[in-house]
1. For residues that are touching a residue at least 40 places away in the same chain (Cβ under 8 Å) and surrounded by fewer than 17 Cβ atoms within 10 Å (Cβ to Cβ), tally how many sit in the range 54-88.
2. I'm trying to understand the selection: among the residues of the range 153-167, which are part of a loop (DSSP other than H, G, I, E, B) and either open to solvent by 70 Å² or more (accessible area, probe 1.4 Å) or in contact with a Pro (Cβ under 8 Å, 6 or more places away or on another chain) (or both)?
3. Looking at (1) open to solvent by 60 Å² or more (accessible area, probe 1.4 Å); (2) in a strand (DSSP E or B); (3) modelled with pLDDT of 95 or more, which is the one condition that is false for residue 133?
4. Under the condition of being of a type in the set (Asp, Glu) and at pLDDT below 95, which residue from the range 105-130 is nearest to residue 56 (Cα to Cα)?
5. Within the range 67-110, which residues are among the hydroxyl-bearing types (Ser, Thr, Tyr) and more than 13 Å from the chain's Cα centre (by Cα)?
6. Take the residues in the range 173-188 that are open to solvent by 50 Å² or more (accessible area, probe 1.4 Å) and assigned to a loop (DSSP other than H, G, I, E, B); name whichever of them is modelled with the lowest pLDDT.
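The values are calculated or read from the model by the stated rules, or taken from the named source; none is laboratory data. Please read these numbers as outputs of a predicted model, since none were measured by experiment. Here Cβ is always computed from backbone atoms with ideal geometry, including for glycine, and neighbour counts include all displayed protein chains. The area values use the complete protein model at the heavy-atom level, side chains included, leaving out ligands, DNA and RNA. Shrake-Rupley method; radii C 1.70, N 1.55, O 1.52, S 1.80 Å.
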Amino acid sequence: MKTKIKIWSSITAAALILGGAYGIGELKGSTAEAAASAKSQSKTLISVSKAEQIALKAAPGQVESIDLEKKASGTFYDIEIQQTKQEIDVRVDAYSGKVISVRKDADDDDSHKAAPASGGKLITAGKAAEVAQAAVKGTVTEIDLDRDHGGAVYEVEVRNGQVKTEVGVDAYTAKVVYTDTDSDEDDD
């Protein structure tokens with residue numbers, strides 16, 4: 001009988017030891033996962049202005065558009081810069097500010113060379129983003145410079161949850177010229 005008790009005691013002790021080791025391993029694994037998850041959630045996006053400055057250092061010119069892209073490979077700003085006879089696409093990591101890529105394309109389209117009606121200097125896309133965010137709370141996800149009839153307007157898309165608002169910012173005066181709100185839940 002004492003032999004059976006010793007065997008069962010040994011088996012129980014082994015099970016407790018193995019179970020405890022497994023439990024500690026799982027606890028460490030879940031703690032590491034939780035830390036990695038918290039680290040990724042605590043990241044904050046760099047500002048549109050900062051991304052624009054970084055892109056212009058990589059490729060000087062006139063910023064024509066900025067898009068905040070979220071892909072499986074990561075989150076980045078895709079910035080299109082117009083130079084004489086070519087367009088440059090610069091991708092900037094949205095968290096670290098590191099330049100991911102710079103791609104040059106020949107540009108045969110002269111539509112971007114419209115003369116300013118006001119004779120003034122264009123504000124930056126970053127400034128347009130700041131003006132739009134002052135008018136509408138949310139995250140800037142897209143900026144496009146639209147040049148029509150001698151004028152220029154930055155079309156700034158701001159998202160706040162399910163609500164998307166396009167804010168038109170005069171590219172010379174930095175004044176809001178329109179807002180257009182749309183919800184993802186609309187049946188458009």
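1. Number satisfying all stated conditions: 3.
2. If the condition is that a residue be part of a loop (DSSP other than H, G, I, E, B) and either open to solvent by 70 Å² or more (accessible area, probe 1.4 Å) or in contact with a Pro (Cβ under 8 Å, 6 or more places away or on another chain) (or both), then 162 is the only one that fits.
3. Unmet for residue 133, out of (1) open to solvent by 60 Å² or more (accessible area, probe 1.4 Å); (2) in a strand (DSSP E or B); (3) modelled with pLDDT of 95 or more: (2).
4. 105
5. 84, 101
6. Step by step, filter the range 173-188, then rank; the result is 188.
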